[in-house]
1. Measure nothing fancy, just the Cα-based angle from helix 8-52's long axis to the longest principal axis of the chain, in degrees from 0 to 90, nearest 10.
2. Calculate for the chain the 222 nm mean residue ellipticity that helices alone would give, adding -39,500 (n - 2.57) per DSSP H run of length 4 or more and normalising by residue count, nearest 500 deg cm²/dmol.
3. Probe of 1.4 angstrom, ligands and nucleic acids ignored: what's the accessible area per residue over the range 112-249, in square angstrom?
4. Looking at the range 103-201, which GluC sites (Glu not before Pro) are DSSP coil and have at most 13 other C-beta atoms within 10 Å of their C-beta?
5. If you take the square roots of the eigenvalues of the alpha-carbon gyration tensor of the range 102-149 and sort them as a ≥ b ≥ c, do you get rounded (a/c under 1.5), prolate (a/b over b/c) or oblate?
6. Helix 222-246 against the longest principal axis of the chain: what's the angle in degrees, Cα atoms only, rounded to the nearest 10?
7. Nearest 5 percent is fine: what portion of the DSSP beta bridges confined to the chain is antiparallel?
8. Gap in Å between the Cα centre of the range 33-57 and the Cα centre of the range 75-148?
Amino acid sequence: MAINTDKNGYTVVFAIIMVIVVGSLLAFLASGLSERIKENERFEKQQNILYAMGVNENTPDSGVNFIPTDVVEEKFNENITEQYVLIDGEIKKDDDAFSLDVKKQIDAFKKGEEAKLPIFVGEKDGEKIYVLPMYGKGLWDAIWGYISVDKNMVVQGVYFDHKGETAGLGANIKLRFFMDDFIGESLLDDGSYSGITVSKTNNDPLNNDKEDNEVDAIAGSTITGNGVTAMIKETLKAYKPYLETIRTN
């Protein structure tokens, strides 16, 4: 007997079967790819940390070029020599700091709860570089990244990323022309931790002035820029007990 495909019951049963089949297939694929996904997330995190400390494949005229995934783990282990966590002002060596959920830990710090704030110490050209993770809020959603400094609190590099900033505007915080402006800026102003302000009135498009604690804002991205400014200041507030131990007076 032929099935009457015009009946509502047939449509409902067919839809249920398709949902079960497709759901099962997606669950199978997710399970099978979970290890690969975790591996890719680890590689991306290593690339971002290395980029912030100036270990990348940029050329003078290129965009953002990360260390390739096939060698990034080796480069990470080669350049990151120590890992620590900052807990209630106390610094502890922790070789598993890399695996911490930065958003979760920074959120806990902001709420006044116990937090483990990860710290990565690397070496470049024979000098120690200190890399700190950051997490904040842009115009539409989360922004995050890493900032690296030397013992004098001079920025050696940054990496920014975002979840949903406007393409061509706030999303440009992850482009090289913006991130490069932070290199050489100081986090200190007259000995106090002032951070770096993303300023609409900086009037220094070539970023020649490295003593003003400012970089030029991206046109049309005021709120995202303010988010970057606030994120850096929050990071300094969180990590000040550690920075005081490495700072050269």
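The values are calculated or read from the model by the stated rules, or taken from the named source; none is laboratory data. The structure displayed is predicted, hence computed values, not measured ones. Neighbour counts are summed over all protein chains in view; Cβ atoms, including those assigned to glycine, are modelled from backbone coordinates with ideal geometry. These area figures cover heavy atoms from the full protein model, side chains too; ligands, DNA and RNA do not enter into them. Shrake-Rupley method; radii C 1.70, N 1.55, O 1.52, S 1.80 Å.
1. 20
2. Taken over the chain, the calculation gives -13000 deg cm²/dmol.
3. Roughly 45 Å² per residue, with all protein chains present.
4. Those that pass, being in a loop and sparsely packed, are Glu113, Glu114.
5. Oblate, since a/c reaches 1.5 and b/c is not below a/b.
6. Taking the Cα atoms of the chain, the angle to 222-246 is about 60 degrees.
7. DSSP beta bridges in the chain are roughly 90 percent antiparallel.
8. Between the Cα centres of the range 75-148 and the range 33-57 lies a distance of 14 Å.
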